[in-house]
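**Student:** Below are the structure tokens for one structure; questions will follow.
The values are calculated or read from the model by the stated rules, or taken from the named source; none is laboratory data. Bear in mind that the values here come from a model prediction, so they are computed numbers and not experimental data. Because the Cβ atoms are built from the backbone with ideal geometry, glycine has one as well, and the counts that use them run over all protein chains shown.
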Amino acid sequence: MKRSILIIGVFFLLISSCSLENDNSNEPTQITLKHWNLINVSGGVAGVDVDFNVGDIIWNYDQFNNLLYVENSNTDDTLIDGLDTGTYDFYLIESNSKVYTILDVNEFGEIYTSETDTTILTINQNNLSTGSITDGFVYTFKITTSVVEI
């Protein structure tokens, strides 16, 4: 049980949307925001492989409110691009030492960072907590950051 809590805790730190950089209340607080930029969608029955530019489709995860904010500027309806612009309920669950995403009420896939590049995040719909499927999509994200003062 402790291992499961540790795994989820470490994972939250890796993908969380913000962190406080300054605890001095006399000065502005700096918050580092992490943005998940969708850079590739692959898989599905048709075997798609679509690349996007950083900034075209951005997912921002609010871990404190369990919300996902999506800004999707793709205008080509023929391309598989994940989620439309909007706000989604977003949760992470742990099962068998792996972490899975829940969007609204549906499991979306296994989520993990690259072993060689911690700025790459992947959600694989072929891997679910209930088992594997073969026709899901693999969403690859490039994590970027921005710092704001409040």
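**Student:** Regarding segment 38-53, can at least one residue be identified that is at pLDDT 95 or above and among the charged types (D, E, K, R)?
**Tutor:** Scanning segment 38-53 turns up at least one residue that is at pLDDT 95 or above and among the charged types (D, E, K, R).
**Student:** Hey, can you tell me all the residues within segment 121-138 that are in contact with an Asp or Glu (Cβ under 9 Å, 6 or more places away or on another chain), assigned to a strand (DSSP E or B) and of a type outside the set (A, V, I, L, M)?
**Tutor:** 122, 124, 127
**Student:** Go through segment 85-109 and count every residue that is assigned to a strand (DSSP E or B) and farther than 19 Å from residue 70 by Cβ.
**Tutor:** First, the residues of segment 85-109 that are assigned to a strand (DSSP E or B): 86-95, 98-103, 106-109.
From the residues that got through so far, the ones that are farther than 19 Å from residue 70 by Cβ too are 93-95, 98-99.
Residues meeting the conditions: 5.
**Student:** Then there's this: When you check residue 118 against the structure, is it under 16 Å from residue 38 (Cα atoms), modelled with pLDDT of 95 or more and either out of contact with any Leu (no Cβ under 6 Å at 6 or more places or on another chain) or outside any strand (DSSP E or B) (or both), yes or no? Give the steps one after another, and end with the answer.
**Tutor:** Details: under 16 Å from residue 38 (Cα atoms): yes; modelled with pLDDT of 95 or more: no; either out of contact with any Leu (no Cβ under 6 Å at 6 or more places or on another chain) or outside any strand (DSSP E or B) (or both): yes.
Taking the combined requirement at face value, the residue does not satisfy it.
**Student:** Limited to segment 54-74, what total is found for residues that are surrounded by 15 or more Cβ atoms within 10 Å (Cβ to Cβ), modelled with pLDDT of 95 or more and hydroxyl-bearing (Ser, Thr, Tyr)?
**Tutor:** Summing the residues that are surrounded by 15 or more Cβ atoms within 10 Å (Cβ to Cβ), modelled with pLDDT of 95 or more and hydroxyl-bearing (Ser, Thr, Tyr) in segment 54-74 gives 1.
**Student:** For residues that are without any contact (Cβ under 8 Å) to a residue 40 or more places away in the chain and either surrounded by 14 or more Cβ atoms within 10 Å (Cβ to Cβ) or over 18 Å from residue 105 (Cβ atoms) (or both), tally how many sit in segment 75-84.
**Tutor:** 6
**Student:** Any residue in segment 57-77 that is among the small types (Gly, Ala, Ser) and under 15 Å from the mean Cα position of the chain (by Cα)? I'd like the intermediate steps shown before the answer.
**Tutor:** Filtering segment 57-77 for residues among the small types (Gly, Ala, Ser) gives 73.
Filter again for under 15 Å from the mean Cα position of the chain (by Cα), leaving none.
No, there is no match, as no residue in segment 57-77 is among the small types (Gly, Ala, Ser) and under 15 Å from the mean Cα position of the chain (by Cα).
**Student:** Might you let me know whether segment 55-75 holds any residue that is part of a loop (DSSP other than H, G, I, E, B) and over 26 Å from residue 31 (Cα atoms)?
**Tutor:** So the first thing to find is which residues in segment 55-75 are part of a loop (DSSP other than H, G, I, E, B), and the list is 55-56, 63-66, 73-75.
When the remaining residues are screened for being over 26 Å from residue 31 (Cα atoms), the result is 74-75.
Yes, that holds for at least one residue.
**Student:** So residue 143 passes all but one of these: (1) among the hydrophobic types (A, V, I, L, M, F, W, C); (2) without any contact (Cβ under 8 Å) to a residue 40 or more places away in the chain; (3) surrounded by 13 or more Cβ atoms within 10 Å (Cβ to Cβ). Which condition number does it fail?
**Tutor:** Every listed condition holds for residue 143 apart from (2).
**Student:** Can you name every residue in segment 101-125 that is touching a residue at least 60 places away in the same chain (Cβ under 8 Å) and surrounded by fewer than 16 Cβ atoms within 10 Å (Cβ to Cβ)?
**Tutor:** Scanning segment 101-125 gives a single hit, 118.
**Student:** Go through the residues of segment 75-87 one by one and say whether even a single one is over 22 Å from residue 138 (Cβ atoms) and at pLDDT below 90.
**Tutor:** no
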